[in-house]
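The values are calculated or read from the model by the stated rules, or taken from the named source; none is laboratory data. In this text, all values refer to a predicted model and were calculated from it rather than measured experimentally. In this analysis, Cβ positions are derived from the backbone assuming ideal geometry, glycine residues included, and neighbour counts consider all displayed protein chains.
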Amino acid sequence: MKQFDIASIPGDGIGIEVVPQAERVLRAVADVHGGLAFQFQSFPWSCQYYIEHGVMMPDNGLEQLKPFDAIFLGAVGDPNLVPDHISLWGLLIQIRREFEQVINMRPAKRLDGIQSPLQNPKDFDLVVIRENSEGEYSTVGGRIHSKEDEVAIQNAVFTRKGTERVMRYAFEVAAKRKRFVTSATKSNGIVHSMPFWDQVFKEVSADYPAIRTESQHIDALAAFFVTRPADFDVIVASNLFGDILTDIGAAIMGSIGIAPAANINVNGNYPSMFEPVHGSAPDIVGKGLANPIGQIWTAKMMLDHFGEEELGTFLLDAIERVTRKGTITKDLGGIHSTEEVTDAIISELHTARSV
Ligand code: NAD
Ligand code: IPM
Ligand code: MN
């Protein structure tokens with residue numbers, strides 16, 4: 001019996017609602033498979049934990065997480081309790097950085113039965129490879145407090161190592177897909193980083209002659225995600241550009257509640273972390289309205305990461321059969337609760353086994 005040990009961090013808001021549902025789904029996947037098991041250990045680290053302990057996680061939090069095969073996170077952030085810059089840097093961003101999860105992989109594709117806000121979405125199927133450790137999210141900068149002229153400075157940091165790494169990763173992903181990489185740039189402006197980004201893109205692309213490439217300015221690309229998403233395959237983007245693009249990717253899928261993501265440690269020296277694109281959604285908490293599909297699709301990405309791609313596809317197929325039948329939550333125009341959608345997915349998994 002193969003066993004995967006998973007550290008669950010439900011976090012805040014609807015994270016606490018959707019993580020246990022996705023765990024139920026994974027248990028059902030294991031049950032159907034028969035030859036593997038998932039062992040979950042839950043960690044209460046969250047804004048509530050901060051109120052009680054003055055920290056988002058204990059000093060040895062990272063040490064506690066290190067032995068696990070993966071981290072399964074819901075969402076972090078409860079701005080009414082703790083300012084976001086404290087809660088996110090104290091938990092989510094710290095794990096991404098300390099565990100060298102330098103790639104954030106975020107697919108967006110049309111699912112049957114889900115209405116896209118686009119009039120003609122066609123069958124788009126793209127994946128954004130977002131740089132996850134540097135760029136615009138650097139720690140370099142600061143605030144100069146003064147009565148008359150207050151200044152906030154943020155330096156974007158693009159290292160050759162980090163830039164090349166994310167681009168190579170994107171090309172490797174594209175090699176297994178439609179072999180087309182779009183680089184999100186902004187080299188027409190006065191930022192220093194983007195001509196450098198373009199140069200590295202050109203150099204790396206020379207190593208992949210079989211892969212078609214293009215560069216698009218981020219502002220135009222954001223618009224193209226809306227007007228012609230089916231034209232893209234793999235998009236490589238800096239940290240902030242990728243963050244914004246993937247919310248658009250989620251929106252054109254029909255809801256941010258279904259978008260999955262994986263924070264990948266490429267060296268295998270620390271666990272990777274799986275968390276959906278959405279946040280803690282304080283506006284719908286406690287109402288049974290949270291769409292569990294983002295978290296469950298994220299579980300599918302974790303299965304892929306474990307090398308269980310067949311099971312991953314099996315799970316995504318079950319999700320799509322459920323959306324096709326219209327068992328969907330309110331954000332997608334449906335009437336079903338978080339738990340009902342999860343039950344329907346689990347029931348599809350069992351049905352698929354018996355046929
Ligand atoms: P959000 O993603 O939490 O919510 C945006 C909108 O989408 C809200 O209207 C919400 O109700 C809706 N929504 C989100 N997920 C949904 C789901 N599963 N089902 C149905 N509707 C859903 O973004 P926000 O409001 O900007 O942020 C809220 C908090 O979450 C903030 O503290 C923010 O910093 C944090 N956040 C955390 C993460 C993360 O942990 N990965 C990501 C984004 C935001
Ligand atoms: C995401 C989120 C985070 C990010 C925030 C909450 C720090 O928006 O995972 O997309 O910007 O990376
Ligand atoms: Mn985001």
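Only one residue in Ala75, Ala152, Ala70 is small (Gly, Ala, Ser), more than 16 Å from ligand 2 (Cβ to nearest atom) and in contact with an Asp or Glu (Cβ under 9 Å, 6 or more places away or on another chain). Which one? Working first, answer last.
Numbers: Ala75 fails: more than 16 Å from ligand 2 (Cβ to nearest atom); Ala152 fails: in contact with an Asp or Glu (Cβ under 9 Å, 6 or more places away or on another chain).
Unique residue meeting the criteria: Ala70.
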Pair list, Cβ < 7 Å and 6+ apart or interchain, from the range 307-335 residues that are on the phi < 0 side of the Ramachandran plot to residues that are of a type in the set (D, E, K, R) and assigned to a helix (DSSP H, G or I): Gly312/Lys300; Gly312/Asp304; Leu315/Lys300; Leu316/Lys300; Ala318/Glu348; Arg321/Glu348; Val322/Glu348; Thr327/Glu340
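On the given criteria, is Phe124 more than 15 Å from Ile252 (Cβ to Cβ) and in contact (Cβ under 8 Å) with a residue 60 or more places away in the chain?
no
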Every residue from the range 212-235 that is β-branched (Val, Ile, Thr) and away from ligand 2 (no atom under 16 Å from the Cβ): Thr213, Val226, Thr227, Val234
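Name the one entry in Ala318, Ala290, Ala299, Ala352 that is in the same structural domain as Gly15 (by TED's automatic domain parsing), more than 11 Å from Val25 (Cβ to Cβ) and under 23 Å from the mean Cα position of the chain (by Cα).
The conditions single out Ala290.
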Restricting the range 282-297 to residues that are buried (at least 22 other Cβ atoms within 10 Å of the Cβ) and outside any helix (DSSP H, G or I), the residue that is farthest from ligand 1 (Cβ to nearest atom): Pro292
Residue that is acidic (Asp, Glu), within 16 Å of ligand 2 (Cβ to nearest atom) and either without any contact (Cβ under 8 Å) to a residue 40 or more places away in the chain or within 26 Å of Ala352 (Cβ to Cβ) (or both), where the choices are Asp243, Asp283, Asp304: Asp283
Residues being touching an Asp or Glu at 6+ places or on another chain (Cβ under 9 Å), closer than 24 Å to Arg177 by Cβ and not hydrophobic (A, V, I, L, M, F, W, C) - total across the range 86-105: 1
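Taking the range 1-58 on its own, how many of its residues are of a type in the set (Ser, Thr, Tyr) and either in contact with an Asp or Glu (Cβ under 7 Å, 6 or more places away or on another chain) or closer than 23 Å to Leu311 by Cα (or both)?
The qualifying residues number 2.
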In the range 240-270, the residues that are more than 23 Å from Phe124 (Cβ to Cβ) and either in contact with a Lys or Arg (Cβ under 7 Å, 6 or more places away or on another chain) or among the β-branched types (Val, Ile, Thr) (or both): Asn263, Val266, Tyr270
Cβ-Cβ under 9 Å pairs, at least 6 apart or on other chains, the range 161-185 side at positive phi, far side part of a strand (DSSP E or B) and surrounded by fewer than 16 Cβ atoms within 10 Å (Cβ to Cβ): Arg179/Arg212
Unmet criterion (only one of (1) farther than 25 Å from Met253 by Cβ; (2) surrounded by 14 or more Cβ atoms within 10 Å (Cβ to Cβ); (3) in contact with a Phe, Trp or Tyr (Cβ under 9 Å, 6 or more places away or on another chain)) for Ser133: (3)
Selection from the range 243-279 of residues that are within 13 Å of ligand 1 (Cβ to nearest atom) and either modelled with pLDDT under 95 or part of a loop (DSSP other than H, G, I, E, B) (or both): Gly254, Ser255, Ala259, Pro260, Ala261, Glu275, Pro276, Val277, His278, Gly279
